[in-house]
Amino acid sequence: MTMEAIRCRDFVERVTEYMEEAQPPEGRAAMEAHLAECEACTRYLAQMGQTVAWVGRLPLPKVEVAAREALARRLRGR
Ligand SMILES: [Zn+2]
């Protein structure tokens, strides 16, 4: 079995696809092979995962609060 070896730069470029599971199986296998031997990219992936989980949860309430405050300001102004 021949597998395309990837470097850190490739990993970083494809990390979003990897997390969205938008890759063909051989692409995933290459990513996982790289992860197995590269601590920096393992950390990078963990960090990206945290960021995505964080970004997915937090901004919406923030936007809601901002919208509510803007509405309250507008109502007070009348
Ligand atoms: Zn790497």
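The values are calculated or read from the model by the stated rules, or taken from the named source; none is laboratory data. Source: prediction; values computed, not measured. Please note: Cβ atoms are built from the backbone with ideal geometry, for glycine as well, and neighbour counts cover all protein chains shown. SASA here: full protein model, heavy atoms, side chains in, ligands and nucleic acids out. Shrake-Rupley method; radii C 1.70, N 1.55, O 1.52, S 1.80 Å.
Of all residues in region 48-66, none satisfies being at pLDDT 80 or above, among the acidic types (D, E) and open to solvent by 80 Å² or more (accessible area, probe 1.4 Å). Scanning region 4-42 for residues that are over 19 Å from A53 (Cα atoms), exposed (fewer than 10 other Cβ atoms within 10 Å of the Cβ) and away from the ligand (no atom under 15 Å from the Cβ) returns P24, P25.
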